[in-house]
Amino acid sequence: MQRYGSVIGLNADKLAEYKLLHAAVWPDVLDMIARCNLRNYSIYLRQFDDGQHFLFSYFEYVGEDFAADMATMAADPTTQRWWAVCMPCQRPLIGRAANEWWAPMEEVFHCD
């Protein structure tokens with residue numbers, strides 16, 4: 001099992017919309033998350049002192065081929081539609097890699 005954390009900005013004017021979307025995630029999207037071997041998936045929201053909003057995601061990958069599972073998810077038409085709705089709410093961070101939307105975070109501590 002591999003843990004993943006990542007971060008992205010959230011446009012303040014899309015805060016309510018993003019929360020509503022994630023209060024009722026489409027069942028086919030949840031199914032794809034499970035089929036692609038992601039477990040314990042959470043997204044957290046925080047407004048920082050400068051007023052900007054950020055999302056932190058955490059999940060555990062339990063599969064054998066992360067790249068292949070992520071390619072399967074990215075190719076799924078329902079997931080693509082979901083992303084098309086969610087992505088306008090988000091503000092990717094400067095300095096992320098060209099192929100990244102959410103910026104990965106380095107795990108510096110873990111305790112079971």
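Please work out the C-alpha center-to-center distance from the range 90-112 to the range 30-72 and express it in whole Å.
Here the answer is 11 Å between Cα centres.
Within the set of other residues whose C-beta is less than 15 Å from the C-beta of P92, count the net charge using Lys and Arg as +1 and Asp and Glu as -1. Before the final figure, lay out the partial values.
Details: positive: K14, R91, R96; negative: E100.
With Lys, Arg at +1 and Asp, Glu at -1, the neighbours total +2.
For the chain, what is the relative contact order in percent, using Cα pairs closer than 8 Å and at least 6 residues apart in sequence?
On the way: 147 pairs, mean separation 46.9, N = 112.
So the answer I get is 42 percent.
For Rg/Rh (Cα atoms, Kirkwood Rh), one of (1) 0.95; (2) 1.18; (3) 1.07 was computed from the structure I shared and the rest are decoys. Which label?
After the calculation, the listed value that fits is (1).
From the backbone phi of the range 72-89, what are the Karplus-calculated ³J(HN,Hα) couplings (6.51 cos²θ - 1.76 cosθ + 1.60, θ = phi - 60°) in whole Hz, Gly and Pro given as x?
Couplings: 4, 4, 5, 7, 6, x, 5, 4, 4, 5, 4, 4, 4, 7, 7, 4, x, 7 Hz.
Around K19, under 14 Å between beta carbons, what's the net of Lys plus Arg minus Asp minus Glu among the other residues?
Numbers: positive: K14, R46; negative: D13, E17.
Charge balance in the 14 Å sphere: 0.
Taking chymotrypsin sites (Phe, Trp or Tyr not before Pro) as candidate sites, keep only those in a DSSP loop with at most 10 other Cβ atoms within 10 Å, then name the longest stretch of the chain containing none of them.
Numbers: sites that count: F48, F109.
Counting only loop sites that pass the neighbour cut-off, the longest clear stretch is 49-108.
Can you check what the net charge comes to around Y4, using other residues whose Cβ is under 14 Å from the Cβ of Y4 (Lys, Arg +1; Asp, Glu -1)? Please list the in-between numbers first.
Details: positive: R3, R39; negative: E60, D69, E100, E106, E107.
My count for the surroundings of Y4 gives -3.
Whose amide H sits under 5 Å from the amide H of Q90, counting only residues 5 or more places off or on another chain, with H placed in the peptide plane?
The list, which skips near neighbours in sequence, is N11.
Once phi is turned into ³J(HN,Hα) by the Karplus curve 6.51 cos²θ - 1.76 cosθ + 1.60 with θ = phi - 60°, what whole-Hz value does each residue of the range 32-46 show in order, with x for glycine and proline?
So the J values, rounded to whole Hz, are 5, 4, 5, 5, 8, 6, 9, 10, 6, 7, 9, 10, 10, 10, 8.
Apply the a/c threshold of 1.5 to the C-alpha gyration tensor of the range 13-67 and tell me whether it is rounded, prolate or oblate. Walk me through the numbers before you get to the answer.
Working: a/c = 3.61, a/b = 1.70, b/c = 2.13.
Oblate shape, in that a/c is at least 1.5 and b/c is the bigger or equal ratio.
Using a ≥ b ≥ c from the Cα gyration tensor of the range 60-112 (square roots of the eigenvalues), is it rounded, prolate or oblate, where a/c under 1.5 gives rounded and otherwise the larger of a/b and b/c decides, a/b for prolate? Write down the numbers at each step before the final one.
Numbers: a/c = 2.00, a/b = 1.19, b/c = 1.67.
Oblate shape, in that a/c is at least 1.5 and b/c is the bigger or equal ratio.
Can you list the HN-Hα couplings for the range 56-68, worked out from phi with the Karplus curve (6.51, -1.76, 1.60; θ = phi - 60°), rounded to whole Hz and with x for Gly and Pro?
Result, rounded to whole Hz: 10, 10, 9, 8, 10, 9, 10, x, 10, 9, 4, 4, 5.
Readers should treat all values here as calculations from the given coordinates under stated rules, not as data from a laboratory. These figures come from a predicted structure and were not determined experimentally. Cβ sites come from the backbone with ideal geometry, for glycine too, and all protein chains shown count toward neighbours.
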